[in-house]
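Undergrad: Dumping the structure here so I can ask a few things about it.
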Amino acid sequence: MSVLLDVQELQTRFKVRKGYVYAVNGVSFTLEEGETLAVVGESGCGKSVTMLSLVRLLPPAASIENGQVLLRGEDLLQLDLRQLRDVRGGQIGMIFQDPMTSLNPFINIGTQMAEPLIYHRGMSKSEALARSAELLEMVGIPDGEARLREYPHQFSGGMRQRVMIAMSMSCEPAVLIADEPTTALDVTIQAQIVELVKALRDRSGVAVIWITHDLSVVAGIADRVIVMYAGYIVEEAPVDALFEDPRHPYTVGLMGALPSLEGETGTRLTTIGGSPPDLEDLPDYCPFHTRCPYAFDRCRTENPMLELVADASDRGHRAACWVDIREVEVQSNGAGASS
Amino acid sequence: MTTQEITATSDIEIAEASRTNLWRDAVARLAANRLALVAILPIVLLFFIAAFGPYLTPYDFLAQDFTARLASPSSEHWLGTDELGRDVFSRILYGARTAVSVGLVSTAISLIVGLVMGSLAGYLGGRVDMLVVWLTDVTRSMPALLLAIVINLTLKVPLEAWMEQMYLATKNTFFRQTMWVDLVLVFGALALIQWPGYARLIRGQILSIRSRNYVLAARALGMPTGRILTRYVIPNAMGPLIVAVSAGMGGAMVLESAFSFLGVGVQLPIPSWGKMISDGLRMWQTHPHLLVGPAVMMAVITVSFAWLGDGLNDALNPRQWGG
Ligand SMILES: Nc1ncnc2c1ncn2[C@@H]1O[C@H](COP(=O)(O)OP(=O)(O)OP(=O)(O)O)[C@@H](O)[C@H]1O
Ligand code: SF4
Ligand SMILES: [Mg+2]
């Protein structure tokens, strides 16, 4: 397998009224051909901003301060807008969280689906429409040709997400980035969408980056997982290693098995209280220390780097924590719930 | 028949079907909206009268009948006559012309200014945006009528003097018609009052549509900015804009009436409803017929424009097409 996407030291911040918000802070990861990478973390920890930075689809207040985004060796951050448009949709497809608002209500499905095919593939309108009908059938919408004439409001949420998937896959991209594509859908529909993407992936060999809050989805679809917190990757591991042997306290917390300061186990992280900080400066402390039951003095004065974990069963298992949680008891002076 | 021909025909069919669908649906929606339907009649009638009024009126608007001054409505003068014995019904028909030209011209001017300023603000952002927002705030903070009076008082005399000079210099009789001064002042004042509304609307639309998910999705598919503008931003901004223009037309007519009422309106030889209302108001207790006609017209037209605007918005907005 060869590396398809190689992201190095990506840093993105937002200009706000009183300074900056540091949303993505030196994120590095790779994606291999045909691989599925899951990105997990709570709301606001920088998952979306990281992915939008890859193809520079950021809001005006955001700026990419540093980094490289190498797609097959070519740095996307150096491309001009014209070249970048060919990458968007052509090489990197994206689907988003809210299918209800992701389609233009004024244009029928056929015209919307045809646009990227005409633009990226140089198809004629009739070719593009014929292809769109096939694509609709491919994502499980029967009678595709008739449905091309319909408008988005005539489709259910799940159907619209299928249309979005068909559109993002229409130009056969090398990478599909799915940003919480099932969050807004019913549970049964969620499972169908996951299965659909898996089937399409297995058929086309597209590499997938799947963003989610939901670790149960991860187990079913991902080869590897990145855990993000406060704009940092705090743990990275093959999916089995992550579930069997999580090393970062935050990952453990996401799995709902973090010991609380009171010593009970099985408390969910969210019940410990607090949320990811909006960083106004690059921290010289572990950004998780305010919620971490293992936190000790060093955590408040030094930010740990992402490094290979001790006794790693896999060379790709890295975590950013000063503590080996297998060996250490919960610190009584932890800041966790008390702050 | 080759396969290519087959797909080509089905393509045309698809395109055709979608277009007729969209329009048929929109018309059906509009037809289903009773208020909008009711509103269409007076508006069509207004434009018809504005265009053909002079051929319909029983009397010339200046024709004076000294034997029947301040006459009550009769078979001879349907809505009676005014102080000078002029036929009120005829004058109302002529007044439609003033109302329509004021509505069309001032709306067109303010819409163009608003579109340009609003788009600049929404697209360029930063300093330009701040400047435009500040300008709109300043303009809107001034009472409309006060603004019109100030404009009239400060600009009328110099403008007339300039016209006179131009006449002396060019001997072109165009510059002798002081009615143009009135028109420029009234349209200018109306445009000045109304452009900030359009500018803020356009700016808001651009800002909100630009951050909509379907625009992000289109950008993620690599669509170029021009296409996103024409296919995504403009159609989605149309609904609110149509409502605003429709209401704005009615608003401009009312404002012009208010100007006339205060003596800073169109002083054309042609009657204006506002002028008629203000004249009629002086003796509404003794001669209510002078007030009722133009006032009712004014009210009906204003309400009609508002209802039609709402109806059009619903009809043209597929988000409200249920489902
Ligand atoms: N327009 C913005 N202006 C300022 N800050 C922003 C903006 N958008 C995002 N941020 C900051 O970036 C951080 C990361 O946001 P991001 O959308 O990437 O989170 P996320 O991990 O995708 O969360 P979610 O699961 O809710 O989608 C947020 O905490 C927020 O502080
Ligand atoms: S570095 Fe310290 S605060 Fe951060 S996760 Fe590890 S133990 Fe907790
Ligand atoms: Mg997100």
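Readers should treat all values here as calculations from the given coordinates under stated rules, not as data from a laboratory. All values derive from a computational prediction rather than experimental measurement. Don't worry about glycine lacking a Cβ; one is built from the backbone with ideal geometry, like all the others, and counts go over all protein chains shown.
Undergrad: To test your reading of the geometry: what angle, between 0 and 90 degrees and rounded to tens, separates the Cα axis of helix A:109-121 from the longest principal axis of chain A?
TA: Between helix and principal axis, roughly 80 degrees.
Undergrad: Once you've got the GNM for chain B with C-alpha springs shorter than 10 Å, pick whichever of B:26, B:252, B:169 has the biggest mean-square fluctuation.
TA: Answer for the Gaussian network model of chain B: B:169.
Undergrad: Still on this structure, please answer the following. Ordered by residue, what ³J(HN,Hα) values in Hz, to whole numbers, does segment A:136-141 give under the Karplus form 6.51 cos²θ - 1.76 cosθ + 1.60, where θ = phi - 60° and Gly and Pro are x?
TA: Listing the rounded values in order: 4, 4, 4, 8, x, 10 Hz.
Undergrad: Can you give the relative contact order of chain B as a percent, counting alpha carbon pairs under 8 Å and 6+ residues apart?
TA: Values: 413 pairs, mean separation 80.1, N = 323.
Relative CO of chain B lands at 25 percent.
Undergrad: Only helices at least 27 Å long along their own axis, judged from Cα atoms, and with Kyte-Doolittle mean hydropathy of -1.0 or greater: name those in chain B from DSSP H.
TA: Values: long enough: B:3-32 (42 Å, -0.18); B:34-56 (32 Å, 2.21); B:88-124 (52 Å, 1.47); B:144-170 (36 Å, 1.18); B:179-210 (44 Å, 1.02); B:234-262 (40 Å, 1.35); B:289-316 (40 Å, 1.26).
Membrane-span-like by this criterion, though nothing is claimed about a membrane: B:3-32, B:34-56, B:88-124, B:144-170, B:179-210, B:234-262, B:289-316.
Undergrad: To the nearest 0.05, what FRET efficiency results for residue B:104 and residue A:204 with a Förster distance of 41 Å applied to their C-beta separation?
TA: 0.15
Undergrad: Given labels modelled 7 Å from the Cα in the Cβ direction, how far is it in nm from residue B:160 to residue B:207?
TA: 4.4
Undergrad: Taking the inverse of the average 1/r across all pairs of different Cα atoms in chain A, what Kirkwood radius in Å do you get?
TA: Working: mean 1/r = 0.0473 Å⁻¹.
For chain A, inverting the mean 1/r across all distinct Cα pairs yields 21.1 Å.
Undergrad: Same structure again: Using a 10 angstrom cutoff on alpha carbons, build the Gaussian network for chain B and name the most mobile of B:207, B:168, B:312.
TA: B:168
Undergrad: Moving on. Mean projection of the alpha-carbon convex hull of segment A:96-233 over all orientations, in nm²? Numbers along the way, then the final one.
TA: Working: hull surface 35.0 nm².
Computing the convex hull of the Cα atoms and averaging its projections yields 8.8 nm².
Undergrad: Using a 4.7 Å cut-off between beta carbons, which cysteines in chain A end up with no partner cysteine at all?
TA: Within chain A, the cysteines lacking a partner Cβ under 4.7 Å are A:45, A:171, A:292, A:321.
Undergrad: Give the aspartates and glutamates reachable from residue B:171 as a straight Cα distance under 18 Å; neighbours fewer than 8 places away on the same chain don't count.
TA: B:160
Undergrad: For the residue pair residue A:240 and residue A:80, what label-to-label distance in nm results when each label sits 7 Å from Cα along the Cα-to-beta-carbon direction?
TA: Going from the residue A:240 label point to the residue A:80 one covers 4.9 nm.
Undergrad: Moving on. Just name one of B:303, A:209, A:104: the one whose Cα is farthest towards the positive end of the charge dipole of the protein assembly as shown (beta-carbon charges, Lys/Arg +1, Asp/Glu -1).
TA: With unit charges placed on the Cβ atoms, the residue in question is B:303.
Undergrad: Taking other Cβ within 10 Å of each residue's Cβ, how do A:80, A:6 sort, fewest first?
TA: Lowest to highest Cβ neighbour count: A:80, A:6.
Undergrad: Can you check how the C-alpha radius of gyration of segment A:141-189 compares to 2.2 N^0.38 Å, as a plain ratio?
TA: This ratio for segment A:141-189 stands at 1.24.
Undergrad: Beyond 17 Å, how much of the Cα-Cα pair distribution for segment B:198-273 remains, as a whole percent?
TA: More than 17 Å apart: 58 percent of the Cα pairs in segment B:198-273.
Undergrad: Right, another one. What percent of all Cα-Cα pairs in segment B:130-271 falls into each 10 Å bin, going from 0 up to the bin containing the maximum distance?
TA: With a bin width of 10 Å, the distribution comes to 10, 28, 25, 19, 12, 5, 0.
Undergrad: Could I ask something else about it? With +1 on the Cβ of every Lys and Arg and -1 on the Cβ of every Asp and Glu, and nothing else charged, how large is the dipole of the protein assembly as shown about its Cα centre, in debye rounded to the nearest 20?
TA: Result for the protein assembly as shown is approximately 2700 debye, rounded to the nearest 20.
Undergrad: Normalise the Cα radius of gyration of segment A:181-226 by 2.2 N^0.38 Å (N = residues in it) and let me know the number.
TA: In units of the 2.2 N^0.38 Å rule of thumb, it is 1.10.
Undergrad: Continuing with this model, one more query. Can you figure out the FRET efficiency of residue B:284 with residue B:75, using R₀ = 22 Å and their beta-carbon distance, to the nearest 0.05?
TA: 0.40
Undergrad: Could I have the simple spin-label model distance between residue B:238 and residue B:47, label points 7 Å from Cα toward Cβ, reported in nm to one decimal?
TA: For the pair residue B:238/residue B:47, the computed spacing is 1.6 nm.
Undergrad: Something else about it: Extension gain residue A:63-residue A:134, at 0.36 nm per residue separation less the Cα-Cα distance, in nm? Write down the numbers at each step before the final one.
TA: Numbers: separation 71, 0.36 × 71 = 25.56 nm, distance 3.91 nm.
Using 0.36 nm per residue and subtracting the Cα-Cα distance, I get 21.7 nm.
Undergrad: Quick one: B:178, A:251, fewest Cβ neighbours within 10 Å first, how do they rank?
TA: With the fewest neighbours first, B:178, A:251 line up as B:178, A:251.
Undergrad: For segment A:15-20, take each phi angle, set θ = phi - 60°, evaluate the Karplus expression 6.51 cos²θ - 1.76 cosθ + 1.60, and give the result in whole Hz per residue in order, putting x for glycine and proline.
TA: 7, 10, 3, 10, x, 10
Undergrad: OK, next. Which of B:198, B:232, B:167 moves most in a GNM of chain B, Cα contacts under 10 Å?
TA: Most flexible of the set in this elastic network: B:167.
Undergrad: Here's another thing I want to ask about it. Counting only C-alpha contacts under 8 Å and six or more residues apart, can you give the relative contact order of segment A:1-74 as a whole percent?
TA: 47
Undergrad: What percentages, rounded to whole numbers, describe P(r) for the protein assembly as shown computed over all alpha carbon pairs with 10 Å bin width beginning at zero?
TA: 3, 12, 18, 17, 15, 12, 10, 7, 4, 2, 0, 0
Undergrad: Same structure, new question: Summing +1 for each Lys or Arg and -1 for each Asp or Glu, what net charge is found among the other residues whose Cβ lies under 11 Å from the Cβ of residue B:33?
TA: Within the 11 Å Cβ shell, the charges total 0.
Undergrad: A further question follows. What full-extension length gain, to one decimal in nm, is calculated for residue A:18 and residue A:301 as 0.36 nm per residue of separation minus the Cα-Cα distance?
TA: My answer for the length gained is 99.5 nm.
Undergrad: While we're here: I want to verify the translational diffusion coefficient of chain B in µm²/s; compute it with Stokes-Einstein, Rh as the Kirkwood radius over Cα pairs, at 37 °C and 0.692 mPa s. Write out the running numbers ahead of the final one.
TA: Working: Rh = 22.8 Å.
This corresponds to a translational diffusion coefficient of 144 µm²/s.
Undergrad: Restricting to chain A, what percent of DSSP beta bridges are antiparallel, rounded to 5?
TA: 65
Undergrad: Ok, one more. Which values of log₁₀ I(q)/I(0), to two decimal places, follow from the Debye formula for segment B:23-110 at q = 0.14, 0.20, 0.26 Å⁻¹ with a uniform point scatterer at every Cα?
TA: Reported log10 I(q)/I(0), two decimals: -0.65, -0.93, -1.13.
Undergrad: Sort A:170, A:124, B:72 so that the residue with the fewest other Cβ atoms within 10 Å of its own Cβ comes first and the one with the most comes last.
TA: Ordered from fewest to most neighbouring Cβ atoms within 10 Å, A:170, A:124, B:72 come out as B:72, A:124, A:170.
Undergrad: What FRET efficiency do you get for residue B:146 and residue B:178 if R0 is 22 Å and r is their Cβ-Cβ distance, rounded to the nearest 0.05?
TA: Computed FRET efficiency for residue B:146 and residue B:178 comes out at 0.40.
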